[in-house]
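K.L.:
One structure coming up, written as structure tokens, with questions to follow.
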């Protein structure tokens, strides 16, 4: 089979190669014909594919979370490459080097761990430090493997820790610029805000929403776990626990974005901004990496469906 990575695909390529089946969605055309939308992945990225007029026996072969042999051609549609898939066949998974098919953080696990550990140690307020330590003891080493989302921003192995480390650096810089901010509260909010995603999402390879994730969401999940830890530490009635709960509940910034409350302390306001900034810049980085200078990206749903231009001097 061809050894070619997704970031090397070109329009009109005809390919037969192994790719990881990341996601499958079934649909029906306006004429009533069944088809499957399939997201395929290797270590360089993901690509959308369509399998038209799919037969039940063809559908039965497709295995979510496995690397399979894909026969396809590459097409350009709406300024983005996608695949017209002709056939998908099974491969012996014992012969697969999975590292070729998992998108991983550009930052090493050791470097991520060092920043997180140092940041927790730097928290001066003993109540914030105890609450954050309790949360990280709860989630364990898996924190350094989880993605931050099933798609869009930081949706890769180690994405959650990468997102948090980026936000920690932003928080530290803003606290230098604006001494009015309580660094202990802001940094604690950054460290904690997305830990509920480790229960909301299934894992780094086939990232889907769990039942609890679908029904309650990561904000509510984490708020419940934090209250449990705070009560176990006899800190449930402290102002620190209440403020940290508020930061978690309000970190999406607006009610229509899923926050049960809006930010009402300045650290919560800043947390929502830097969360959004880090997520958006990661989304843009991924989108712009896949095009050549002088082109526009395809419309990006997470960026209000806008297309972004990549300047030629990049």
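K.L.:
Restricting the search to the stretch 27-62, which residues are in contact with a helix residue (DSSP H, G or I) (Cβ under 9 Å, 6 or more places away or on another chain) and closer than 26 Å to residue 286 by Cβ?
P.N.:
Correct list: 36, 40, 41, 42, 43, 44, 45, 46, 47, 51.
K.L.:
Being without any contact (Cβ under 8 Å) to a residue 40 or more places away in the chain and either assigned to a helix (DSSP H, G or I) or under 22 Å from residue 199 (Cβ atoms) (or both) narrows it down to one residue among 269, 237; which is it?
P.N.:
269
K.L.:
Right, here's the next one. Looking only at residues in the stretch 114-128 that are over 19 Å from residue 162 (Cα atoms) and touching a helix residue (DSSP H, G or I) at 6+ places or on another chain (Cβ under 7 Å), which one is surrounded by the most Cβ atoms within 10 Å (Cβ to Cβ)?
P.N.:
Once the filter is applied, the top-ranked residue is 128.
K.L.:
Another question, then. Please go through (1) surrounded by 15 or more Cβ atoms within 10 Å (Cβ to Cβ); (2) closer than 27 Å to residue 305 by Cβ; (3) touching a strand residue (DSSP E or B) at 6+ places or on another chain (Cβ under 7 Å) for residue 80 and return the number of the only condition it doesn't satisfy.
P.N.:
(3)
K.L.:
Kindly establish whether residue 269 is surrounded by fewer than 19 Cβ atoms within 10 Å (Cβ to Cβ) and under 20 Å from residue 169 (Cβ atoms).
P.N.:
yes
K.L.:
Another one. Against the condition assigned to a helix (DSSP H, G or I), surrounded by 22 or more Cβ atoms within 10 Å (Cβ to Cβ) and in the same structural domain as residue 153 (by TED's automatic domain parsing), how does residue 279 come out, does it pass?
P.N.:
No.
K.L.:
In this structure, does residue 132 turn out to be touching a helix residue (DSSP H, G or I) at 6+ places or on another chain (Cβ under 8 Å), touching a residue at least 12 places away in the same chain (Cβ under 8 Å) and over 30 Å from residue 233 (Cα atoms)?
P.N.:
Spelling it out, it is not the case that residue 132 is touching a helix residue (DSSP H, G or I) at 6+ places or on another chain (Cβ under 8 Å), touching a residue at least 12 places away in the same chain (Cβ under 8 Å) and over 30 Å from residue 233 (Cα atoms).
K.L.:
Now for a different question. Here is a list: 215, 233, 211. Which entry is assigned by TED's automatic domain parsing to the domain that holds residue 279 and farther than 30 Å from residue 39 by Cβ?
P.N.:
Exactly one of 215, 233, 211 is assigned by TED's automatic domain parsing to the domain that holds residue 279 and farther than 30 Å from residue 39 by Cβ, namely 233.
K.L.:
Can you work out which of the residues in the stretch 283-299 that are outside any loop (DSSP other than H, G, I, E, B) and in contact with a strand residue (DSSP E or B) (Cβ under 6 Å, 6 or more places away or on another chain) is surrounded by the most Cβ atoms within 10 Å (Cβ to Cβ)?
P.N.:
Step by step, filter the stretch 283-299, then rank; the result is 287.
K.L.:
Just a yes or no: is a residue in the stretch 193-201 within 15 Å of residue 276 (Cα to Cα) and in contact (Cβ under 8 Å) with a residue 40 or more places away in the chain?
P.N.:
Yes, that holds for at least one residue.
K.L.:
Here is a follow-up. Taking the stretch 200-216, which residues are surrounded by fewer than 19 Cβ atoms within 10 Å (Cβ to Cβ) and modelled with pLDDT of 85 or more?
P.N.:
Within the stretch 200-216, 209, 210, 211, 212, 214, 215, 216 qualify.
The values are calculated or read from the model by the stated rules, or taken from the named source; none is laboratory data. Quick caveat: nothing in here was measured; it's all calculated off a predicted structure. Backbone-built Cβ (ideal geometry, glycine too); neighbour counts: all protein chains shown.
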